[in-house]
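J.: One structure, pasted below without further comment.
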Amino acid sequence: MDEVLLLEAVERYLKGEMPAQEKIFFEELRKTKPEVDQLVVEHTFLFHELDRHAGVKAYKHSLYEVETKLTEEGIISKQQLQGKAKIVFLWKKYKRNIAVAASIAGIMSITTAGLIIAYTQKVNESNKEDLIGKWENTNTKIDKLTDKIQTSTTATPTFTTTPDYRATGFLIDGKGYLVTNAHVVNRLKTPFYVVNNKGDYFNAETVYTDNNSDLAILKINDTSFKTIPNLPYSIRKNDLDLAEEIYTLGFPRNVIVYGEGYLSAKSGNDGDSTAYQLTVAVNPGNSGAPVLNKNGEVVGIITSKEKNADGVVYAAKSMNIYKLLEAIKKTSDTQNIKLPYNSGLRGLDRSQQVKKMEEYVFMVLGN
Amino acid sequence: MSNLAQEKLLLEGLAVNDRQAIEAIYRDNYPMVQAFILNNSGNTDEARDIFQEAMIVLFEKAVSGHFELNCQLKTYIYSVCRRLWLKRLQQMQRFAGWADNMDDSVPVDEDLEIHEKHHSDFILMENAMNKIGEPCKSLLDAYYMQKKHMQEIAQEFGYTNADNAKTQKYKCLMRLKKIFFAQYKNGQ
């Protein structure tokens, strides 16, 4: 008997859609032919597994949604330990490691202190010089990914002139705060614009730039912008592991483009520990594009790529966003930025994640 | 309504993926678990993970229909979380004794064993689904996971009619079966 036919029969049998007469025949067949019975058992098992799989998947999704809701209500607290509590917590967590580390450190420091003191002055000076030299060198090698817009781009009504540059940014707070690259805002003349996936233009201004991490925070300053209540993705605080899968959404063209890759190194250009090296296809215009992992957490922000090597892309670590916010808090108290903290994208298929995500990734345009 | 009857209702809700039941259980039990994890050198992210896993254990138990409430729901969840967290700590070699010495948990080892088995089956199925390729993956996903109608699927995937889509679906199932069982037997 054709196995496909049997498969269909088993499914109908399990669902109870089999007419009584066929059912008798079917059961008779199982009894008389052990090989058929064996197949039926296998198929039944497969259907059960599929069914259970579907059940657990749906249930997991409900769990994530409930979690997101309760986190917003504050029933589930997000990771926010401060001051004393944090120290106590860290102490508890690492007391064993600290004990070991402290004893090693003690021995090491005594034996090497003399040497270090003797050499510190010299080494520092020579390092510094080297660094400056290298910086210029590497700077020229790196392509900033801000794209020059071709003149063929149709001008939009809000623009008096055609925009020259295009990059990417994404929301970190539904009130209209976006993250993009510092080199983007440094290049653009104010006023510049951000455009969502529906093609709506909004005026935006720079709130803060940090050239070290090459990140900047923008705020949409436009009455037509409506606050978006919950962003579905969270911003990751910890480092990713090597080889973890990542993907990115950006505007190397005038439409949003999806790219997939993996984490190749935990540091960026010149050993920069605030950045990652990724392998993913990016092009001019991807500057400021969010990098997400499979759970839908933002793990980084695309910044640049190596000119002379293939597929070497650098991204600022998402942790930098938290540092930026700390810095903003110190300089002004008018900006109250609240980062999203729970990924509602977890457990979703990639295409569904991207579908949800698209809304929050903006094109940054300006002269 | 008595406490016991109420908890039984909640579990029945869980079994049919009722959002309200899930939320109620979260509200009643999550703070306790979070406090426990934080007290025992964990953080809130880890607390969330552990609680989630416990909720899946609970779901599996509820679905199986053999849930005898011989203890309070709270005690059960606490016991599962405690066990899961101990395992996690030992894996990370961070376990240095409990902060409290009170162990009022009930034995859950058997349930967790079943859960591990289910979990590995879940991963196997997930892997098999990822390996069958397109359009099979989307097709089976649409029918079995998203529970769409064959008619709808035929339209979405561009088959001329539901029967064609059905034939394709069975072909895909055969592939899935092959891959799934190959892995399954390897894993045994």
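J.: Which of the aspartates and glutamates could a cross-linker bridge to A:Lys329, judged by Cα under 20 Å and excluding same-chain residues fewer than eight apart?
T.: Within reach: A:Asp173, A:Glu205, A:Asp210, A:Asp214.
J.: Further question on the same structure: Excluding residues fewer than 8 places away in the same chain, name every one of the aspartates and glutamates whose C-alpha is closer than 15 Å to that of A:Lys294.
T.: A:Asp239, A:Asp241, A:Glu244, A:Glu245, A:Glu260, A:Asp349, B:Glu126
J.: What does the net charge come to around B:Ala21 if you take all other residues with beta carbon closer than 13 Å to its beta carbon, with K and R at +1 and D and E at -1?
T.: Values: positive: B:Lys8, B:Arg19, B:Arg27; negative: B:Glu7, B:Glu12, B:Asp18, B:Glu23, B:Asp28.
Cβ neighbours under 13 Å give a net charge of -2.
J.: Next question. Where the accessible area of region B:37-131 is counted over protein heavy atoms with a 1.4 Å probe, how much of it, in %, is carbon and sulfur?
T.: 48 percent
J.: Take the residue pairs A:Lys226/A:Lys305; A:Lys60/A:Lys356; A:Lys237/A:Lys266 and return only those whose Cα atoms are more than 23 Å apart.
T.: Details: A:Lys226/A:Lys305 34 Å; A:Lys60/A:Lys356 18 Å; A:Lys237/A:Lys266 14 Å.
Beyond 23 Å between Cα atoms: A:Lys226/A:Lys305.
J.: Here is a further query. Counting only the backbone N, which residues of region A:323-367 are under 12 Å from the spot 7 Å out from the Cα of A:Glu73 toward its beta-carbon?
T.: Label zone hits: none.
J.: A further question follows. Give me the summed buried accessible area for the B-A pair, 1.4 Å probe, to the nearest 100 Å².
T.: Approximately 4700 Å² gets buried when B meets A.
J.: Counting only protein heavy atoms and a 1.4 Å probe, tell me what percentage of region B:132-187's accessible area is made up of carbon and sulfur.
T.: Carbon plus sulfur share of accessible area: 49 percent.
J.: If you don't mind, there's one more thing I want to ask. Note the full-extension length gain between A:Lys15 and A:Lys307 as 0.36 nm times their separation in residues minus their Cα-Cα distance, in nm to one decimal.
T.: Details: separation 292, 0.36 × 292 = 105.12 nm, distance 5.96 nm.
Taking A:Lys15 through A:Lys307 to full extension adds about 99.2 nm, to one decimal.
J.: Here is a follow-up. Per DSSP helix of 4 or more residues, -39500 (n - 2.57); summed, then divided by the residues of chain B. What does that give at 222 nm, rounded to the nearest 500?
T.: Helices in chain B give a 222 nm mean residue ellipticity of -24500 deg cm²/dmol.
J.: Same structure again: Pull up the cross-link candidates among the aspartates and glutamates for A:Lys198, meaning alpha carbon to alpha carbon under 12 Å and not fewer than 8 places away within one chain.
T.: In chain and number order, the partners are A:Glu358, A:Glu359.
J.: Let me confirm one metric for peptide B:45-57, namely the mean number of other chain beta-carbon atoms within 10 Å of its residues' beta-carbons.
T.: Per residue, the number of nearby Cβ atoms from other chains is 3 on average.
J.: So what's the gap between the Cα centers of region A:347-367 and region B:105-181, to the nearest angstrom?
T.: 27 Å
J.: Could you state the accessible area per residue of the protein assembly as shown in Å², with a 1.4 Å probe and every protein chain left in place?
T.: In whole numbers, the protein assembly as shown has 53 Å² accessible per residue.
J.: Turning to a different aspect of this structure: For region A:232-331, give me the percentage of DSSP beta bridges that are antiparallel, rounded to the nearest 5 percent.
T.: So the antiparallel bridges in region A:232-331 amount to around 95 percent.
J.: While we're here: Amide H neighbours of A:Ala289 under 5 Å, at least 5 residues apart or on other chains, H built in the peptide plane: list them.
T.: A:Thr168, A:Ile302
J.: Give the average, rounded to an integer, of partner chain Cβ atoms located within 10 angstrom of each Cβ in A:41-54.
T.: 5
J.: Lysine pairs, Cα distance under 15 Å, 8 or more residues apart or cross-chain: how many in region B:132-187?
T.: 14
J.: Of all the accessible heavy-atom surface of region A:145-367, with the other protein chains kept in place and a 1.4 Å probe, what percent is carbon and sulfur?
T.: Roughly 46 percent, rounded to a whole number.
J.: Just counting partner chain Cβ atoms within 10 Å, what average do the residues of peptide A:55-65 show around their Cβ? Intermediate values should be presented prior to the final figure.
T.: Numbers: counts 7, 10, 7, 4, 11, 6, 1, 9, 11, 1, 3.
Average neighbour count from other chains, rounded to a whole number: 6.
J.: Using 0.36 nm per residue, how much length does the chain from B:Gln93 to B:His119 gain when fully extended, once their Cα-Cα distance is taken away?
T.: 7.1 nm
The values are calculated or read from the model by the stated rules, or taken from the named source; none is laboratory data. Treat the numbers as computed from the prediction; the structure is a model and nothing was measured. Note that we place each Cβ from the backbone using ideal geometry, even for glycine, and neighbour counts take in every protein chain shown. Note: accessible area is taken over every heavy atom of the protein model, side chains too, but ligands, DNA and RNA are not part of it. Shrake-Rupley method; radii C 1.70, N 1.55, O 1.52, S 1.80 Å.
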